[in-house]
Amino acid sequence: MDYRAVETTDEYVARLSTGADWRAEIEALAEEVEADAGWFTALGSVRDAEMWFYDQEKKEYEPVYFDEHLEVAACVGNVSILDGERFAHTHAVLSRPDGTALAGHLDSAEVFAGEVHFRKFAEPLERAHHEPTDLDLWL
Ligand code: ZN
């Protein structure tokens, strides 16, 4: 395990724009407040989500598409630097009208409504290739 202390410098709340992409909105917020690292929680509703599942054997992401209206029952993630760009690593539990849930790595979804709480950290977090998992993890 690698760990470090982080210092929260600022906290923000944001309402995401209807019709925009969920993850891109969080990255735009990080850009706007010049956050090279941070942590967020969010909730709301989306349309047409693309979730990814990481196959640990194949070491590949498998996309799954849900072309429907979904509640964002819970969303959690962090912002760090990947290939020189701010990247919002985003996981979510999405729910259907009957209350059943879908969950995973949220790559994209069209915002219907979204509320975010974002905590900006003082020091940047950077991602780099991690051999054992073939993922881009924090250095
Ligand atoms: Zn993920």
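Any read-out appearing in this document is the output of simple, stated calculations on the displayed coordinates, not a laboratory observation. It should be emphasised that the depicted structure is a prediction, and the values quoted were computed from it without experimental measurement. Ideal geometry is used to build each Cβ from the backbone, glycine not excepted, and the neighbour counts take in all protein chains shown.
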Condition test on A49, is it in contact with a helix residue (DSSP H, G or I) (Cβ under 9 Å, 6 or more places away or on another chain), under 26 Å from D134 (Cα atoms) and assigned to a strand (DSSP E or B)?
-> yes
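Suppose we filter Y12, Y54 for residues that are closer than 20 Å to L137 by Cβ and touching a Phe, Trp or Tyr at 6+ places or on another chain (Cβ under 6 Å); which single one remains?
Exactly one of Y12, Y54 is closer than 20 Å to L137 by Cβ and touching a Phe, Trp or Tyr at 6+ places or on another chain (Cβ under 6 Å), namely Y54.
Just a yes or no: is a residue in the stretch 62-74 farther than 26 Å from P132 by Cβ and touching a Lys or Arg at 6+ places or on another chain (Cβ under 6 Å)?
yes
Residues are listed down the side, and each one gets a yes or a no for (1) among the β-branched types (V, I, T); (2) free of Cβ contacts under 8 Å to residues at least 40 places away in the same chain; (3) more than 16 Å from the ligand (Cβ to nearest atom):
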| position | (1), (2), (3) |
| --- | --- |
| R96 | no, yes, yes |
| D107 | no, no, no |
| V111 | yes, no, yes |
| H117 | no, no, yes |
| A122 | no, no, yes |
| H130 | no, yes, no |
| T133 | yes, no, no |
| W138 | no, no, no |
Residues of the stretch 34-49 being among the hydroxyl-bearing types (S, T, Y) and over 18 Å from D107 (Cβ atoms), which ones?
-> T41
Would you be able to say whether some residue in the stretch 38-45 is in a loop (DSSP other than H, G, I, E, B), in contact (Cβ under 8 Å) with a residue 40 or more places away in the chain and closer than 27 Å to R4 by Cα?
-> no
Do the conditions hold for R4, that is, is it more than 18 Å from W138 (Cβ to Cβ) and among the basic types (K, R)?
-> no
Tell me which residues, restricted to the stretch 69-112, are β-branched (V, I, T) and out of contact with any strand residue (DSSP E or B) (no Cβ under 8 Å at 6 or more places or on another chain).
-> T100
Could you pull out the residue among A28, A5 that is outside any strand (DSSP E or B), more than 16 Å from the ligand (Cβ to nearest atom) and surrounded by 13 or more Cβ atoms within 10 Å (Cβ to Cβ)?
-> A28
